[in-house]
Amino acid sequence: MVSFFGWGSSPSSDASQTTQEKSTPEQPQAPPKEPELLPFETPRPPLASNTNLKLLFGGMVFSALTVLVTRRSFNKKRIACIPPFYTSSLYHQPHSNSAMDAFEALNLATLNVLSFGMMAGGAAGYALNINNIDDMRKFVRAGLQGGSDTPVKSDEELEEEVTEWVSKVLGDKFEKQLEKEKMKRAFQQAQADQAAKEN
């Protein structure tokens, strides 16, 4: 006989289940809670869009490769300075080209600095949760706001403030140059409008 609770189990198990259900009242189960984020925590984007992690791991691989290339170059120069067998070190003159050595050293230093900068940029981006220019802009605006409730000024207002400060520092020469630039922009805009009307 198909039982309501056991779906085909034996009658003895049906009886034991009914006695257990009578003795323990049903308790409502609470839904699982989702982890709450703190106010300063922002959710991490999915792994596919983590540009900062790609930059960090790329920088680490690039740093390892540049260290290997640098070490290989140093070993090559060191082995070239060892005199051959049965040759006195006084008479051994290894072949050297100062210009090529300097060029190679500049290339190796540039590679090492770029790889370290790439790795440091990725690490800073991951630590600050910055993946693109928009995230960087939000972070800088929050830093400019300084945690206060006053709204951050727009780019145009900030540009006007910088222009006023530079005009105070440099004087009339800057104002004349600024007027020339404004006239040049207005002329280019008028030309563009006229070309649009003709088309």
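The values are calculated or read from the model by the stated rules, or taken from the named source; none is laboratory data. This structure is a prediction, so every number in the text was calculated from the model and none was measured. Reconstructed Cβ throughout: ideal geometry from the backbone, glycine too, with neighbour counts over all protein chains shown. The area values use the complete protein model at the heavy-atom level, side chains included, leaving out ligands, DNA and RNA. Shrake-Rupley method; radii C 1.70, N 1.55, O 1.52, S 1.80 Å.
A cut-off of 5 Å between modelled amide H atoms, ignoring neighbours fewer than 5 places along the same chain, links N131 with M136.
Counting heavy atoms of the protein chains alone, E157 has an accessible area of about 90 Å² for a 1.4 Å probe. Segment C81..N132, full-extension length gain: 13.5 nm, with 0.36 nm per residue of separation and the alpha-carbon distance subtracted. Sorting the segments 121-127, 88-94 by their residues' average number of neighbouring beta-carbon atoms within 10 angstrom, most packed first, yields 121-127, 88-94.
A full extension of the chain between K184 and V140 corresponds to an added length of 12.6 nm, given 0.36 nm per residue minus the alpha carbon distance.
Restricting the calculation to Cα atoms, every distinct pair contributes to the Kirkwood radius of the range 96-199, found to be 19.4 Å.
Distance between the modelled labels on L114 and E160, one decimal in nanometres: 4.3 nm (7 Å Cα→Cβ projection). Taking 0.36 nm per residue of sequence separation and removing the Cα-Cα distance, the E175/A192 pair yields an extension gain of 3.6 nm.
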